[in-house]
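**Student:** Supplied in structure tokens, the structure appears directly below.
None of the figures in this text is laboratory data; all of them are computed from the coordinates on show. Everything quoted here is computed from the prediction, not taken from an experiment. Note that each Cβ is placed from the backbone with ideal geometry, even for glycine, and that neighbours are counted across all protein chains shown.
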Amino acid sequence: MSRARLYAMSTLPALVVLMFFVGFANWIPQTRWSPPVRQAMGAEMTPAQLAQAGEKIVRERGCLTCHTLEPGAGVLGHGRGPNLIGIATRRAEGVTGGPGTLVDYLVQSLYEPGAYLVEGYANLMPASTRPPAKLDYGEVVAVVNYLLSLGATPSVRIGDVPQPPGGEKAVAAVAQAGAAPQTVPADAATLLESNQCNTCHSLKPGETLLGPSLAAKDLAEVAAANDMSPESYVMDSIVNPRALEREGFPKQVMPDNYGTQLTAAQLHVIVSYLLHGEGA
Ligand code: HEC
Ligand code: HEC
């Protein structure tokens, strides 16, 4: 028997098994991303239940675009924002010059992230009541409990912490005042133009230039195919384009320095504009 034939016979069973699994994998219904369902936080929920809901929120609303959850890594971690593991231990006494209790500090971190800047980080974080996270009051309480669970025990009930200061408008004003003046974003259309996004991308559905169309519908589809929320997919594609290179398009072409060139506020304006038409 020829060598080739022998080889073919010996690999045949493995091949059959492999094809079976490939077929099987294709047959399993693909998991698809669907928009996060907002869970209303009821006054009857215990802090432990709220913490559980809070973890889901942190994972689904873009917090982990910047933050990491790295056991043992300390505050610095490897993300654009602090490592959140251990935050409740680190901040047990609040922060010098700011809130003196853990809960007050966590609440401030969510409502007015610019009020106290963690050493080594820039004023990058959008107020979490603003896009893209857009937490409502109950969700803030849930997230505070989740953060408490990272090193301490969840202890806060609905009603225990203040509502966002002065509602949505005041929070926006604080967020803007907290940012350096030159970083207050221009409107989204100007940002897309001044950063030359529109030389490579069209906003018309299905229209391909050098890069794919950035129409909301198209972006949502690619995000779903990648099992990501549209917000995280678009943000990651802009900030870290090499990690998410799209098949069928030229590689290494999209500039990979927008993450450092654009401020977080500008990035958020672009992302909400592309996905929701806001911030125009
Ligand atoms: C665009 C990046 C970004 C996003 C998105 C973001 N953060 Fe942050 N966050 C930061 C940075 C940078 C800091 C450190 C500077 C500061 O204190 O504001 C920070 C600080 C914090 C702190 C204080 C950390 C400490 O060690 O004292 C908490 C708590 C926090 N963020 C929670 C959240 C939660 C919850 C979300 C989602 C709702 C979120 N962040 C979304 C970038 C981000
Ligand atoms: C020089 C051309 C070029 C410029 C300038 C450019 N991009 Fe891209 N972009 C591409 C190409 C090519 C791809 C597809 C390959 C890849 O994923 O890197 C892409 C992918 C993307 C994606 C992922 C889309 C998808 O369907 O997967 C987003 C979102 C995106 N770009 C946004 C932007 C934004 C916002 C700007 C401006 C701040 C910008 N791009 C500037 C060429 C460019």
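**Student:** Could you calculate the contour length gain from V253 to N226, that is, 0.36 nm times the residue separation minus the distance between their Cα atoms, to one decimal place in nm?
**Tutor:** My answer for the length gained is 7.7 nm.
**Student:** On to the next question. How far apart, in nanometres, would the label points at T46 and D160 be if each is projected 7 angstrom from Cα along the Cα-to-Cβ direction?
**Tutor:** Output for this residue pair reads 1.3 nm.
**Student:** Less than 9 Å Cβ to Cβ from T65, Lys/Arg counted +1 and Asp/Glu -1: what total charge do the surrounding residues give?
**Tutor:** Within the 9 Å Cβ shell, the charges total -1.
**Student:** Still on this model: If the chain between Q196 and T153 were fully stretched, how many nm would it gain, using 0.36 nm times the residue separation less the Cα-Cα distance?
**Tutor:** Gain on stretching Q196 to T153: 10.7 nm.
**Student:** Take K217 and N240, extend 7 Å from each Cα along the Cα→Cβ direction, and tell me the distance between the two endpoints in nm.
**Tutor:** It works out to 3.1 nm between the two label points.
**Student:** Right, something else. Give me K134, K217 sorted ascending by neighbouring Cβ count inside 10 Å, so fewest comes first.
**Tutor:** Ascending Cβ contact count within 10 Å gives the list K217, K134.
**Student:** Just rank R91, R61, R242, R157, fewest to most, by other beta-carbon atoms within 10 angstrom.
**Tutor:** R242, R157, R61, R91
**Student:** Let me ask something else. What list do you get for T65, T96, T199 if you sort them by fewest beta carbons within 10 Å?
**Tutor:** By the 10 Å Cβ count, ascending, the order reads T96, T199, T65.
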